[in-house]
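Here's the structure we're looking at; comments come further down.
Just so it is clear, none of the values below were taken in a lab; they were calculated from the coordinates. Treat the numbers as computed from the prediction; the structure is a model and nothing was measured. Glycine also receives a Cβ, built like all others from the backbone with ideal geometry; neighbour counts cover every protein chain displayed.
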Amino acid sequence: MNKLEFFFNRGLLNYHPTISEEGFYRFDEISKKVVEQPLRIDWKDYLGLVHSPEYIAKARNASIKEEFFAYMHNCKESFRCATIAAGMAVESSQRGLFSLARPPGHHARPTKGDGYSIFNNIAIASKDLIRQGMKVAIVDFDAHHGDGTQDIFLGNNAVQYFSIHEMDSWPFSGEMGWNMNAFNYPVRAGSDDRVLLGWARLVQDKVSTFNPDILAISAGFDGFKEDRIAHLDFSLDGYFSLGTILGELEKKTFAVLEGGYHNRLYSCALSFKEGFNSVRA
Ligand SMILES: [Zn+2]
């Protein structure tokens, strides 16, 4: 079973460096510590698996015109960076990597961008796996519910979607329990590692029962205690342990960065990756 290796591309750094919503600060440390790798696949072959041609044109236009789109200010490079992020997710699914890309994707729907998400990176990669006949478990530990991902796969038997997220918080979806093939687990503001790891054990059990061909991780680190947007209390140790629990599933795995709005995003991702790899031979 694969270990996770970081995947980063410097093309992502052009993404509106001065705009605050999904800010450059997130990638400051990542860009200094992670070695760049070229993107080998062509996003044009994959975006249409989830998004309509009209929506893709709309996103491109919003970037050209530097409009407010997907709940953030776009710049001339936004579209290109969002396509790189989508391509990196697909390549990560093929090579078992952890894509450190921006913008996030799990709020994007086929015809609507939202919550800093232009294209739904994890959904695009998962659709490509499904068309190859695979079953995919998507585990999303971003502090927000991945409403876009859930909507895209709701009722699709090839997928089970698992999300832990802060209760009574944007986008106000993801009620406790099963909703068809989506298992949601809202938690109170202030919830700590104990809660995170309790959820992870539950998910470990459910994913084992589902027995997917591949585990797709929406790795958002806005549950970290220093986050500027969310109000959870997860720690670096918590992310390490979460990594070990998901690593123990012994499934081929890839991961895609979602949110995380603080200056220790690299440390959080590293801690998770090290935990995951610690249980892989
Ligand atoms: Zn988030």
**Asked** Got the relative contact order for the stretch 141-281 handy, in percent, Cα pairs under 8 Å and 6 or more residues apart?
**Response** 24 percent
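Could you give the DSSP H helices of the chain that reach 18 angstrom or more along their long axis (alpha carbon positions) and whose average Kyte-Doolittle hydropathy is no lower than 0.0?
Answer set is 78-95, 193-210, 265-278.
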**Prompt:** Taking R0 as 51 Å, what's the FRET efficiency between residue 210 and residue 66 from their Cβ-Cβ distance, rounded to 0.05?
**Reply:** 0.75
**Item:** Among 215-225, 267-277, the order from most to least packed when residues are scored by Cβ within 10 Å on average
**Value:** 215-225, 267-277
**Amide proton proximity set for residue 232, modelled H, under 5 Å, gap of 5+** = 190
**Item:** Over the chain, equivalent-ellipsoid semi-axes from the Cα gyration tensor in Å
**Value:** 25, 20, 19
**Request:** Express in nm, to one decimal, how much length is gained between residue 14 and residue 37 on full extension, taking 0.36 nm for each residue of separation and deducting their alpha carbon distance.
**Result:** 6.7 nm
**Item:** the chain, relative contact order [Cα under 8 Å, separation at least 6], %
**Value:** 20 percent
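Count the lysine pairs in the stretch 1-78 whose Cα atoms sit under 21 Å apart, keeping only pairs 8 or more residues apart in sequence or on different chains.
The number of close lysine pairs in the stretch 1-78 is 5.
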**Item:** Cα shape, the stretch 122-281, gyration tensor, a/c 1.5 rule
**Value:** oblate
